[in-house]
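Input: a single structure, listed below in structure tokens.
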Amino acid sequence: MSTPSDQVFDATPEGNEPGLKRVLGPKLLLLFIVGDILGAGVYAVTGTMAGTVGGIVWLPFLLAFVVATMTAFSYLELVTQYPQAAGAALYTHKAFGIHFVTFLVAFAVVCSGITSASTSANVLAQNLFGGLEINGWMAMPGQGAITAVALGFMLLLAVINLRGVGESVKFNVVLTLVEVAALCIVIGVGFYVMVQGNGNFSEITVFNDYQDKGLFLAVTAATSIAFFAMVGFEDSVNMVEETQNPERIFPRTMLTGLGIAVIFYMLVAVSVVTVLSPTELEGIREAEGAALLEVVSKGSPDFPIENIFPFLAVFAVANTALINMLMASRLIYGMARQDVLPRPLGKVLPGRRTPWAGIAFSTILALGLIWYVTSDPDSNIVANLSGTTAFLLLCVFTVVNVACVVLRGKRDPHRKVFFTSPGPLPIIAALLCAFLAGPWVGRDVIQYQLAGGLMAIGVVLWVITWFINRRTNTGPGEPVGMQNVGKDT
């Protein structure tokens, strides 16, 4: 099942169609990147990180930013060389030309979207019930009710996805502003507490070894967790065909977006440490996705802002989940159309023209994930789902960084180079991503089980399709992406 190394899975209608309209300038692209990064991540992982390292919770955010930026340099080198909307799968196939390796990368991206959406669903449920409790409308229910809402939310996403969602740039701007507003509330509460003289600002330099890991292992573990909050920048490469002059504006815009995100995250971390006591920092791990809600509740008890914040958080994480599930179902549809996954997964709803089989498949996987993780009452649901997402993407980023090095040797010497990652930085980034994906960071074994189980499902389907293709003398199309994404321009 090898294929030419200059093409990727085409998930768009066949025939001679016009290219995508280039509507994104630097400002709109920046808002897209910032909005994509500032999604559910910070709500999901801050509590777990604080319960791992205590007062220096800002440090793992900074270290995750450094690793993410190194990887972003590789993405920028590749996207300016190959400005097509296929991302990691395209770069992998151009570098290695091995169909199965490209499939693994593509399906890992699909799985990361499903696990990320499942994380968002649980964070949403926790913040929703937290908001209802703060407003005095109902008491916080048990885990069963939270799980039921998370499952119901995934079904709602499937319905929305089936109807067809037109993601416009203006809508993204509105969502980004909501996300930024919610984080500004957390930051504002922290500074308010400091101005009132009630904060614990000195705690930001204190390492609390709550889990007896030691400084290095604790910070490493928290950095691996924090990586979930830094992902999203890589999604922007799929907007390259809709970006004006992408070779020139992408590098500065992506790096600016990453910089803005890490500033927000570090200020949020400082606010968390300022408002909560060391004992509360240890206990906030159990709050999972509602950690920031606890900060706002304690820091502003006399202000109605705590009544609004949880619903802003719900809005922010809902958008993240919707984007993740749209992406996952689209990639499944594309792989099925190209005979890489079973053909029935490429079925389209006649009236709505939406990939109902891909939507159903991704939704079933998400529901199964949520049910499996919540079946253990002692597990940290959000931490395990977000950790699985981070693990999958760290593996993908390792491959992309290596692909960046390989493709340097395949460059056309007569082709203009717009951006190059400094020296050996891709290799360093690959090693760091591989290190953060390893078991030595203290990653719970269930995260490897979840990732392995999801990838095993994909491999089984791939093998079935391979045998069907052999018996019917049909071959697969090309690995994952959009229209004509693999042809050099």
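The values are calculated or read from the model by the stated rules, or taken from the named source; none is laboratory data. From a predicted model like this one, the values you see are computed outputs, not experimental measurements. Here the Cβ positions follow ideal geometry from the backbone for every residue, glycine too, while neighbour counts run over all protein chains shown. Surface accessibility is based on the protein's heavy atoms, side chains included, excluding ligands, DNA and RNA. Shrake-Rupley method; radii C 1.70, N 1.55, O 1.52, S 1.80 Å.
So here's what we get for this one:
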{"item": "Filter result for F107 (under 22 Å from Y43 (Cβ atoms), out of contact with any Ser or Thr (no Cβ under 9 Å at 6 or more places or on another chain), at pLDDT 85 or above and not in a loop (DSSP other than H, G, I, E, B))", "result": "no"}
{"item": "Criterion: at pLDDT 85 or above, surrounded by 12 or more Cβ atoms within 10 Å (Cβ to Cβ) and under 19 Å from G87 (Cβ atoms) - qualifying residue of G438, G477, G458, G486", "result": "G458"}
{"item": "Per-region count, region 25-45, residues open to solvent by less than 10 Å² (accessible area, probe 1.4 Å), part of a helix (DSSP H, G or I) and farther than 15 Å from C184 by Cβ", "result": "6"}
{"item": "Output for region 203-250, where each listed residue is under 19 Å from G283 (Cβ atoms) and surrounded by fewer than 22 Cβ atoms within 10 Å (Cβ to Cβ)", "result": "E203, I204, V206, F207, N208, D209, Y210, Q211, D212, K213"}
{"item": "Filtered residue count, region 377-394, keeping only those that are more than 15 Å from the chain's Cα centre (by Cα) and touching a residue at least 24 places away in the same chain (Cβ under 8 Å)", "result": "4"}
{"item": "Residue, farthest from L461 (Cα to Cα), within region 334-348, restricted to residues that are open to solvent by 30 Å² or more (accessible area, probe 1.4 Å) and touching a Lys or Arg at 6+ places or on another chain (Cβ under 9 Å)", "result": "R337"}
{"item": "Among the residues listed as G387, G358, the single one being in a helix (DSSP H, G or I), farther than 16 Å from I457 by Cα and open to solvent by less than 30 Å² (accessible area, probe 1.4 Å)", "result": "G387"}
{"item": "Index of the failed condition, G423 passing every other in (1) open to solvent by 60 Å² or more (accessible area, probe 1.4 Å); (2) over 22 Å from D376 (Cα atoms)", "result": "(1)"}
{"item": "Region 61-94, subset at pLDDT 90 or above and among the small types (G, A, S), residue nearest to L436 (Cα to Cα)", "result": "A64"}
{"item": "Region 189-202 - residue that is open to solvent by 40 Å² or more (accessible area, probe 1.4 Å) and assigned to a helix (DSSP H, G or I) and, of those, farthest from L281 (Cα to Cα)", "result": "V195"}
{"item": "Any chance I446 is open to solvent by 30 Å² or more (accessible area, probe 1.4 Å), assigned to a helix (DSSP H, G or I) and not basic (K, R)", "result": "no"}
{"item": "Qualifying residue in region 398-410 (condition: surrounded by fewer than 16 Cβ atoms within 10 Å (Cβ to Cβ), on the phi > 0 side of the Ramachandran plot and modelled with pLDDT under 90)", "result": "no"}
{"item": "Any hit, region 68-80, residues being farther than 19 Å from V406 by Cβ, in contact (Cβ under 8 Å) with a residue 40 or more places away in the chain and in a helix (DSSP H, G or I)", "result": "yes"}
{"item": "Selected residue (only one of A148, A181 is modelled with pLDDT under 90, assigned to a helix (DSSP H, G or I) and open to solvent by 30 Å² or more (accessible area, probe 1.4 Å))", "result": "A181"}
{"item": "Count of residues meeting criterion [open to solvent by 10 Å² or more (accessible area, probe 1.4 Å) and in contact with a helix residue (DSSP H, G or I) (Cβ under 7 Å, 6 or more places away or on another chain)] in region 300-316", "result": "7"}
{"item": "I114 being surrounded by fewer than 18 Cβ atoms within 10 Å (Cβ to Cβ), within 23 Å of T354 (Cβ to Cβ), in contact with a Leu (Cβ under 7 Å, 6 or more places away or on another chain) and in contact (Cβ under 8 Å) with a residue 12 or more places away in the chain", "result": "no"}
{"item": "Filter result (open to solvent by 10 Å² or more (accessible area, probe 1.4 Å), within 17 Å of V206 (Cβ to Cβ), touching a residue at least 40 places away in the same chain (Cβ under 8 Å) and part of a helix (DSSP H, G or I)) within region 276-299", "result": "P278, E282, G283, R285"}
